[in-house]
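Working notes, structure below.
What follows draws every value from the coordinates through simple rules; no lab data is involved. Computed from a prediction, not measured in an experiment: that's the story for all the values here. When we count neighbours, we look across all protein chains shown, and the Cβ atoms used for this are built from the backbone with ideal geometry, even at glycine.
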Amino acid sequence: MTLTIEGPAPLGAPPNSRRSPAYGERGARTIEIGLVNNMPDAAVAATRRQFVRLIEDASDELDVRLSLFALDTLPRDDATRRAMAEEYAPASALEGARLDALVVTGAEPHAADLRDEPYWEELGFVLDWAAENTISSLFSCLAAHASVLRSDGLRRRPLANKRAGVFTVDVVADNALLAGLGPRYLVPHSRWNDLDEAKLVEKGYHILSRSSQCGADLFIRKTRSLLVYLQGHPEYEADSLAREHRRDLMRFLRGEQTTPPNPPFNYYPPEAAAMVANFALRAMAAPESALAAGFPVSALALSAEPWRFAALRLVNNWLGMVARRKAARSAATFAVARWGG
């Protein structure tokens, strides 16, 4: 297996200069994937690393060529925008890309209604393009919420508290994406909003995994493309939830959040959980001294990823489905065929 990350076209290059060879010019063992990274500045590098690591480790004998894309309208500081320009093409470059699959990450929400986010129209273009031009696309967290809203007008609903932790989800459908996972598996979640399962089913979405604690985890819709929606974060590394918890706690101490965050569910080992709880108590009693003391270092040094097997199996299954579909059709038939057609 090899994973190659392709950079953006040189400045002034023609619009189709990033276009990959036409379908059939490479074997079906080579998959062209795009990653649209919408995470905030502080998380851009980590999110890129997480998805690259997961796709690379799950790809087995496949050769994966990964192209990076970014939204121009997503607010960023100048330094981050300059750094990303060296590796990321603008989302508009998707028009000239020949990708087999696309991954669209979540983003940090700011507006109560996603349609009020400054990048809504550009993200909508990405979602529409993915549905019409890929074999399959994977929408993560906020991107999943945005796609459902854009396609069917289903609005996400705010949660009373952030849903963060490692949850056991039940497999509730027989689908190749979940082959080898058994009746249940672990997956991290980290979000402030949720989608109504019953309304998703009414609109034709097929729930594949869920739990009473975190709701719908994984669901799909088959159209021209197989659209895969994740409310969880199988790409997360061992310390991802701890770093988010520290960030949210610091925001509370600075007065940027009105309530202190709960520790991630089913995540910290007992010793780390006790230290984090003690820090939180001291922080709320004396915010300035707590900020100076810092979050317990040991809580950020976690190495266990109990959800890793399931994450690798899920992405391996997804990549395999894309490769098989690519091998089974020609460019001409794909132009008119729906997924499963």
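Binning all Cα-Cα separations of segment 204-341 at 5 Å, short to long from zero, yields these whole-percent fractions: 2, 8, 14, 15, 13, 11, 10, 8, 7, 5, 4, 2, 1, 0.
Equivalent-ellipsoid semi-axes for segment 155-201 (Cα gyration tensor, √(5λ), whole Å, largest first): 23, 15, 7. Globularity index of segment 240-300 is 1.01 (Cα radius of gyration / 2.2 N^0.38 Å, N = number of residues). How would you classify segment 191-268 from its alpha-carbon gyration tensor, with a ≥ b ≥ c the square roots of the eigenvalues: rounded for a/c under 1.5, else prolate if a/b is greater than b/c, otherwise oblate? Taking the square roots of the gyration eigenvalues as a ≥ b ≥ c, segment 191-268 is prolate. About its Cα centre, the dipole of the chain is roughly 600 debye, where the only charges are +1 on Lys and Arg Cβ and -1 on Asp and Glu Cβ. Overall dimensions of the chain, expressed as equivalent-ellipsoid semi-axes from the Cα gyration tensor (√(5λ), whole Å, largest first), are 34, 23, 19. Charge dipole of segment 36-151 (Cα centre as origin; +1 on each Lys and Arg Cβ, -1 on each Asp and Glu Cβ, all else neutral): 100 debye, rounded to the nearest 20.
Built from the Cα atoms of segment 25-177, the convex hull projects on average onto 11.0 nm², one quarter of its surface area. Pick from P260, P40, P188: which is most flexible by mean-square fluctuation in a GNM of the chain where alpha carbon atoms under 10 Å apart are linked? In the Gaussian network model the winner is P260.
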